[in-house]
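The values are calculated or read from the model by the stated rules, or taken from the named source; none is laboratory data. This one's a predicted model, so the numbers in the text were calculated from it and none came from an experiment. Counting neighbours? That spans all protein chains shown, and the Cβs are built from the backbone with ideal geometry, glycine included.
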Ligand SMILES: Nc1ncnc2c1ncn2[C@@H]1O[C@H](COP(=O)(O)OP(=O)(O)O)[C@@H](O)[C@H]1O
Ligand SMILES: N[C@@H](CCC(=O)OP(=O)(O)O)C(=O)O
């Protein structure tokens, strides 16, 4: 490990949902200190703002979206000041939303901030900015957020601390006799079918979002662990280089940073439907997507935004940054003349550039 992102679930922060408890966090803080003294750079992604702030609001109103946002805002200060008390080195708080991460300029700015904090030995502590999010703006769970952060920070390891020993072949809280899977080399459909949602009042995504996070992280070359944050032995084993739970091995050929961002973080603003023959050709997809091969343009987007490329049957082929706006592409698609499109292509350039396309797995 050289650069590690560690994600802590709400159950560890506020086990009784009545404010933060240091009970389970002391050993995690010690682990962070030990990692840093071994020269490992650490970024902490901490859940628990909602759980920490819950006790300030009446039970009957706690399910209201507005109240949960207020709980997050109030609980965040309690949670961050608790972390701060553990460390004798400086910490920094970053509150992010999906809207920040999927915006390439803001994403680059977040990366810059992270690298600067790490270079100065300051511990970044990250959570979703729940107080300002809506459904369309949020990541929604800190498992996926931690993987996006790990990718943004060029980390090599992601440790997701949960209330369970790792991934089991079925949810052990439901299926008696389920067994722990210590190693996962590929996150197949069979593996995905083993998981379901959370079983605690505090948890958000259960094992499903942890697998999504592992997929995002491993495809960026990041070794990912799901471990039990309640057990002391977890952190001792991690420091010894052993696997205390489930380890997900990184891809042999990780995606480039820009392609990973397109595939896993950027949100498609619209859709380009391209003719069916394209996908069968030998050349790379980006070179094939000429304006006269576009069958339909759905949604509104500007040049530079992310689009989903599909075939006429609706199969997802790729995500890409388009060099044309939806307006211009629709005009071309409707006034299809070989001369116009080739003139257009010559003056503006390709619809999609090769470095800005991520081909999706079927
Ligand atoms: N296949 C599985 N293996 C292990 N845990 C599973 C599985 N499927 C679902 N779960 C549930 O996921 C829970 C952990 O996720 P969650 O409650 O969201 O915790 P956290 O707050 O740590 O993110 C486990 O306690 C368990 O109930
Ligand atoms: N951002 C939220 C946590 C969301 C979340 O993913 O919670 P968890 O499943 O406990 O990691 C909060 O601080 O309460």
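Of all residue pairs spaced 6 or more apart or on separate chains, those with beta-carbon atoms under 6 Å, a first member in region 149-175 that is over 20 Å from residue 29 (Cα atoms) and without any contact (Cβ under 8 Å) to a residue 40 or more places away in the chain and a second member that is in a loop (DSSP other than H, G, I, E, B) and within 16 Å of ligand 2 (Cβ to nearest atom) are 171/196; 173/199. Taking (1) more than 14 Å from ligand 1 (Cβ to nearest atom); (2) not in a helix (DSSP H, G or I) in turn, residue 34 satisfies each apart from (2).
Working only within region 11-26, note down all residues that are within 21 Å of residue 68 (Cα to Cα) and either without any contact (Cβ under 8 Å) to a residue 60 or more places away in the chain or out of contact with any helix residue (DSSP H, G or I) (no Cβ under 7 Å at 6 or more places or on another chain) (or both). Please lay out each step first, then the result.
Of region 11-26, the ones within 21 Å of residue 68 (Cα to Cα) are 11-21.
Hits for region 11-26 are 11, 15, 16, 18, 19, 21.
In region 1-31, the qualifying residues are those that are away from ligand 1 (no atom under 12 Å from the Cβ) and assigned to a helix (DSSP H, G or I), and the one that is surrounded by the fewest Cβ atoms within 10 Å (Cβ to Cβ) is 26.
Can you find, within region 50-61, the residue that is farthest from ligand 2 (Cβ to nearest atom) among those that are part of a helix (DSSP H, G or I) and without any contact (Cβ under 8 Å) to a residue 60 or more places away in the chain?
Within region 50-61, the first condition is being part of a helix (DSSP H, G or I), and the residues that meet it are 50-56, 59-61.
Now narrow it down to the ones that are without any contact (Cβ under 8 Å) to a residue 60 or more places away in the chain: 52-56, 59-61.
Values: 52: 7, 53: 8, 54: 9, 55: 13, 56: 13, 59: 17, 60: 20, 61: 16 Å.
Ranking the candidates gives 60 first.
I'd like to know if region 62-74 contains one or more residues that are closer than 21 Å to residue 18 by Cα, in contact (Cβ under 8 Å) with a residue 24 or more places away in the chain, within 16 Å of ligand 1 (Cβ to nearest atom) and touching a helix residue (DSSP H, G or I) at 6+ places or on another chain (Cβ under 7 Å). Yes; the residues of region 62-74 include at least one that is closer than 21 Å to residue 18 by Cα, in contact (Cβ under 8 Å) with a residue 24 or more places away in the chain, within 16 Å of ligand 1 (Cβ to nearest atom) and touching a helix residue (DSSP H, G or I) at 6+ places or on another chain (Cβ under 7 Å).
Flag: residue 47 matches the condition of being at pLDDT 95 or above, under 21 Å from residue 232 (Cα atoms) and within 12 Å of ligand 2 (Cβ to nearest atom).
Considering the conditions (1) under 29 Å from residue 111 (Cβ atoms); (2) free of Cβ contacts under 8 Å to residues at least 60 places away in the same chain, residue 8 is excluded by exactly one of them, (2). Which of the residues belonging to region 226-243 are within 23 Å of the chain's Cα centre (by Cα) and not in a helix (DSSP H, G or I)? Across region 226-243, the qualifying residues are 226, 227, 228, 229, 243. Could you list, in sequence order, all residues of region 70-99 that are under 21 Å from residue 119 (Cα atoms), more than 12 Å from ligand 2 (Cβ to nearest atom) and crowded, with 20+ Cβ neighbours inside 10 Å? 83 - this is the single residue of region 70-99 that is under 21 Å from residue 119 (Cα atoms), more than 12 Å from ligand 2 (Cβ to nearest atom) and crowded, with 20+ Cβ neighbours inside 10 Å.
Does at least one position in region 27-37 carry a residue that is touching a residue at least 40 places away in the same chain (Cβ under 8 Å) and more than 22 Å from residue 243 (Cα to Cα)? No, that holds for no residue.
Taking the criterion of being in a helix (DSSP H, G or I), within 16 Å of ligand 2 (Cβ to nearest atom), surrounded by fewer than 21 Cβ atoms within 10 Å (Cβ to Cβ) and without any contact (Cβ under 8 Å) to a residue 40 or more places away in the chain, would at least one residue in region 203-213 satisfy it? Give the derivation first.
In the first step, residues of region 203-213 are kept if they are in a helix (DSSP H, G or I); the result is 206-213.
Retained after the next criterion (residues that are within 16 Å of ligand 2 (Cβ to nearest atom)): 206-213.
Adding the requirement that they be surrounded by fewer than 21 Cβ atoms within 10 Å (Cβ to Cβ) leaves 206, 208, 212.
Then drop every residue that is not without any contact (Cβ under 8 Å) to a residue 40 or more places away in the chain, which leaves 206, 208.
Within region 203-213 (the criterion being in a helix (DSSP H, G or I), within 16 Å of ligand 2 (Cβ to nearest atom), surrounded by fewer than 21 Cβ atoms within 10 Å (Cβ to Cβ) and without any contact (Cβ under 8 Å) to a residue 40 or more places away in the chain), the answer is yes, since at least one residue qualifies.
Does region 178-189 contain any residue that is buried (at least 23 other Cβ atoms within 10 Å of the Cβ), under 19 Å from the mean Cα position of the chain (by Cα) and either in contact (Cβ under 8 Å) with a residue 60 or more places away in the chain or within 15 Å of ligand 2 (Cβ to nearest atom) (or both)? Checked against the condition, which is being buried (at least 23 other Cβ atoms within 10 Å of the Cβ), under 19 Å from the mean Cα position of the chain (by Cα) and either in contact (Cβ under 8 Å) with a residue 60 or more places away in the chain or within 15 Å of ligand 2 (Cβ to nearest atom) (or both), region 178-189 yields no hits at all.
When residue 148 is tested against (1) under 16 Å from the mean Cα position of the chain (by Cα); (2) at pLDDT below 95, exactly one condition is not met: (2).
When each of 221, 166 is tested for being part of a loop (DSSP other than H, G, I, E, B), crowded, with 21+ Cβ neighbours inside 10 Å and either at pLDDT 95 or above or more than 20 Å from the chain's Cα centre (by Cα) (or both), the lone residue that passes is 166. The residue that is modelled with the highest pLDDT, among those in region 325-362 that are within 14 Å of residue 293 (Cα to Cα) and assigned to a loop (DSSP other than H, G, I, E, B), is 351.
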